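None of the figures in this text is laboratory data; all of them are computed from the coordinates on show. These numbers were taken from a predicted model, which means no experiment stands behind them. Neighbour counts run over all protein chains shown; Cβ positions are idealised from the backbone, glycine included.
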Amino acid sequence: MNTVSIRGAITVDDNTEESILSSTKELIETIEKRNKLIKNNVICMLFTATIDLDAAYPAKAARMLGYTQCSLMCFQEMAVKGSLSKCIRVLILYLSETNQDGVEHVYLRDASVLRPDLSS
C-alpha cells in the first residue's frame, strides 16, 4: 500500500450551515467516486475554509458521510488579497494500491480556477 494525497476544493454559495455542509458533501462524494475511495483507507482529512465561511465546520459533513475512523481537522485558509472567496479546500491522506500519479484531484464550481490543469 502507498500513502497518497488527494486535493480538492469547492466554492460555497452562502455562509450558512446548510450550504457549507452540502457543498462539502458534494466535494467529498465526487472525490470518493473519481478515486474509488474505501473509507477505512482514509488516514485523515484536513479542511481549510476562507475567512468568510464560519457557519459550520466542513469536517462535520465528512462525519455525516461516515468518516468516523479517521482524523479530521479544520483550519482557516490564509487570507491573501484577491484570493477566491467562500472556498473550502481539502487534503486527504489515503492508503492506496495506486501511486500518486493515479490520483484524481477535484476542483468544483469556481474553485476550478485554483488548478485549471487539474480541473475537469
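Observations on the structure shown:
- When PHE47, PHE75 are sorted by how many other C-beta atoms sit within 10 angstrom of their C-beta, beginning with the fewest, the order is PHE75, PHE47.
- Counting only residues at least eight positions apart within a chain, or on another chain, the lysines with an alpha carbon under 29 Å from that of LYS33 are LYS25, LYS60, LYS86.
- HN-Hα J in Hz across segment 73-90 - Karplus 6.51, -1.76, 1.60, θ = phi - 60°, x for Gly and Pro: 9, 10, 9, 8, 5, 4, 7, 10, 3, x, 6, 5, 9, 6, 10, 10, 10, 9
- q = 0.13, 0.14, 0.23 Å⁻¹, the chain: log10 I(q)/I(0) [Debye, one scatterer per Cα]: -0.46, -0.53, -1.40
- Degrees, to the nearest 10: 17-35 long Cα axis against longest axis of the chain: 30 degrees
- The residues neighbouring ASN2, those whose beta-carbon lies less than 12 Å from its own, together hold a net charge of -2 under the Lys/Arg +1, Asp/Glu -1 convention.
- Full-extension gain in nm, ASN41 to VAL80, via 0.36 nm per residue minus C-alpha separation: 10.7 nm
- Given the chain, longest segment not containing exposed loop trypsin sites (Lys or Arg not before Pro) (DSSP; at most 10 other Cβ within 10 Å): 37-80
- CYS44, CYS87 arranged by Cβ crowding within 10 Å, fewest neighbours leading: CYS44, CYS87
- By DSSP, the beta bridges lying fully in the chain are antiparallel in about 65 percent of cases.
- Between GLU18 and ASP110, the distance separating the two model label sites (each 7 Å from Cα on the Cα→Cβ line) works out to 2.0 nm.
- Förster radius 25 Å - calculated FRET efficiency between GLU97 and GLN69, Cβ distance, rounded to 0.05: 0.85
- In this Cβ point-charge picture (+1 for Lys and Arg, -1 for Asp and Glu), segment 12-95 has a dipole of about 440 debye about its Cα centre.
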